[in-house]
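What follows draws every value from the coordinates through simple rules; no lab data is involved. The structure displayed is predicted, hence computed values, not measured ones. Please note: Cβ atoms are built from the backbone with ideal geometry, for glycine as well, and neighbour counts cover all protein chains shown.
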Amino acid sequence: MEITKRNKFVEFIKNYWMYVAVAVVVLVIAITVGVLAGGQTVPTTAPKLEFSLPMNEANIIKDYSSTELQENTSLNQWEAHLSVDFASENSDVFAVLDGTVTKVSYDVLNGHLVEITHSDGFVSQYCSLADEPLVSEGDKVSAGEKIGTAGNSSNAEIDLGNHLHFTLYLNQEAVDPNNYLDLQNK
């Protein structure tokens, strides 16, 4: 009886030749793509969002506060104010970013309301609008596009007069608009 010595490498190739061939092809493709790209890098971060202001020449009449309670004279209570209230001679209200209108509604506390969903997890909400907004659910809007006018339709802040109650959400959490909008001169 003759004992034959098996070559393990040859056995491996015989059994797994298909996997070896696929690996070689993938390696060749990867090298080719790398050479053709010429060392160019592809940006891995999204461009920074450029927020517009929701009103022109507006004053902040009630600022955002998540830690200090503020008096709401309309409701006769102290509360956190997770929004910024704006008032202006020019009552036009504008979208702060490109997006899609996801809600247009009316209720006694918020008044006429428009909600716009933007990229990167942002949602902007505009409350206390006068009359019917100029947009409908499903409309695509651009930053700076007029969506309505500030009013006094919110009973929750009726003592403030005509104003915009603006809330900004990031990943479903209210965030301070001062961190995103250029409000230094307001």
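Among (i) 0.94; (ii) 1.23; (iii) 1.43, only one was calculated for this model; which label is it, if the read-out is Rg/Rh (Cα atoms, Kirkwood Rh)? It is the one labelled (iii). Annotation: aspartates and glutamates with alpha-carbon distance below 16 angstrom to K146 (same-chain offsets under eight excluded): E57, E89, D92, D98, E115, D131, E132, E137.
Which FRET efficiency value, to the nearest 0.05, is calculated for Y180 and A30 with the Förster distance at 41 angstrom and r the Cβ-Cβ distance? Walk me through the numbers before you get to the answer.
Values: r = 40 Å, r/R0 = 0.98.
Given R0 = 41 Å and the Cβ-Cβ separation, E is 0.55.
With a Förster radius of 45 Å applied to the beta-carbon distance between E145 and N76, the computed FRET efficiency rounds to 0.75. Scanning residues 5 or more positions from S65 or on other chains, those with amide H under 5 Å from its amide H are H81, L82, S83, with H placed 1.01 Å from N in the peptide plane.
When only Cα pairs below 8 angstrom with a gap of at least 6 residues are kept, the chain shows a relative contact order of 21 percent. Does region 104-186 come out rounded, prolate or oblate, given a ≥ b ≥ c as the square roots of the eigenvalues of its C-alpha gyration tensor, rounded meaning a/c under 1.5 and, failing that, prolate meaning a/b above b/c? Judged from the Cα gyration tensor, region 104-186 comes out oblate (a/c at least 1.5, b/c at or above a/b). For region 111-118, the Karplus equation 6.51 cos²θ - 1.76 cosθ + 1.60, evaluated at θ = phi - 60°, returns couplings of x, 6, 10, 10, 10, 10, 9, 10 Hz by residue, with Gly and Pro reported as x.
Projecting the Cα atoms of H112, S142, S83 onto the dipole axis of the chain, where Lys and Arg carry +1 and Asp and Glu carry -1 at the beta carbon, places S142 farthest toward the positive end. Sequence-ordered 3J(HN,Hα) estimates for region 99-107 from the Karplus curve with 6.51, -1.76 and 1.60 and θ = phi - 60° stand at x, 10, 5, 10, 7, 9, 8, 9, 8 Hz, glycine and proline given as x.
Here the 3J(HN,Hα) profile of region 56-66, calculated from phi with Karplus coefficients 6.51, -1.76 and 1.60 at θ = phi - 60°, is 8, 6, 9, 10, 7, 9, 7, 8, 5, 7, 9 Hz, Gly and Pro shown as x. Net charge in the neighbourhood of L170 (other residues with Cβ under 12 Å of its Cβ; Lys, Arg +1, Asp, Glu -1) is -3.
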